[in-house]
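Read-outs throughout are calculated quantities, based only on the coordinates presented, and are distinct from any laboratory measurement. Because the structure is a prediction, the values reported are computed rather than measured. When we count neighbours, we look across all protein chains shown, and the Cβ atoms used for this are built from the backbone with ideal geometry, even at glycine.
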Amino acid sequence: MIMWKYIAGITDGEGSIGIIWRHRGFSKLKPYGYLDPYVHISMTNEEVIRTIYQTAQVGQVYKENRRTKNQYDSFLFAINSFSDICIFLLQVEPYLIAKKKLASLVFEFCLYRMKAPKGTRTQSSYRERDWQIYFEQLFLQMKHNQSTIQLLKSLKELPMDRSFLPASLDSFLQSSDFLLLQNKSVTPV
């Protein structure tokens with residue numbers, strides 16, 4: 001129990017929970033790809049990362065080589081499968097503070113996608129709720145991310161047919177939340 005509280009604290013501070021869009025090209029002039037959930041924890045202390053891995057018994061550990069001579073090598077604990085993410089989030093979610101809402105959204109997404117029949121985990125099979133979860137978690141993450149705001153602004157201004165976008169994104173781009181967000185100055189912490 002104490003260990004899971006510790007891991008939840010590390011996840012809150014050093015971790016990243018979310019869903020990303022993996023672009024795979026175009027099909028009939030519409031973008032093609034899939035939504036990919038993830039849980040990542042990265043830090044320079046290998047012992048802590050290995051302890052998290054041994055306790056969780058899911059995911060994998062990767063060594064990330066330093067990019068410049070002034071940096072240390074870092075270690076990444078990564079979970080990318082639906083079932084492993086659910087197992088991990090079930091353990092840490094009760095103790096999360098900052099990422100609690102993100103964790104519950106990603107858990108809901110993974111749980112639903114696991115229940116989907118094989119062969120239906122494609123872009124065309126996403127239900128409206130999947131897209132709502134994706135954009136809601138993007139919204140939670142973008143409060144400190146100016147590049148995501150710029151991306152959404154450019155999507156809003158596309159002169160082409162936006163019918164390929166889910167209704168939840170189109171309604172979000174028209175919402176007062178997005179207007180407030182793009183007018184708010186975002187400063188890196």
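Between Asn80 and Thr44, take the C-beta separation as r, use R0 = 22 Å, and let me know the FRET efficiency to the nearest 0.05. Don't skip to the answer; put the middle values down first.
On the way: r = 22 Å, r/R0 = 1.00.
The pair Asn80/Thr44 has a calculated efficiency of 0.50.
Excluding Asn45 itself, what net charge comes from residues whose Cβ is under 12 Å from its Cβ, given Lys and Arg +1 and Asp and Glu -1? Write down the numbers at each step before the final one.
Working: positive: Arg50; negative: Glu14, Glu46, Glu47, Asp73.
After counting each charged neighbour, the total is -3.
Assuming 0.36 nm per residue, please report the length gained on full extension of the stretch Ala98 to His23 beyond their Cα-Cα distance.
Length difference between fully extended and current span is 24.2 nm.
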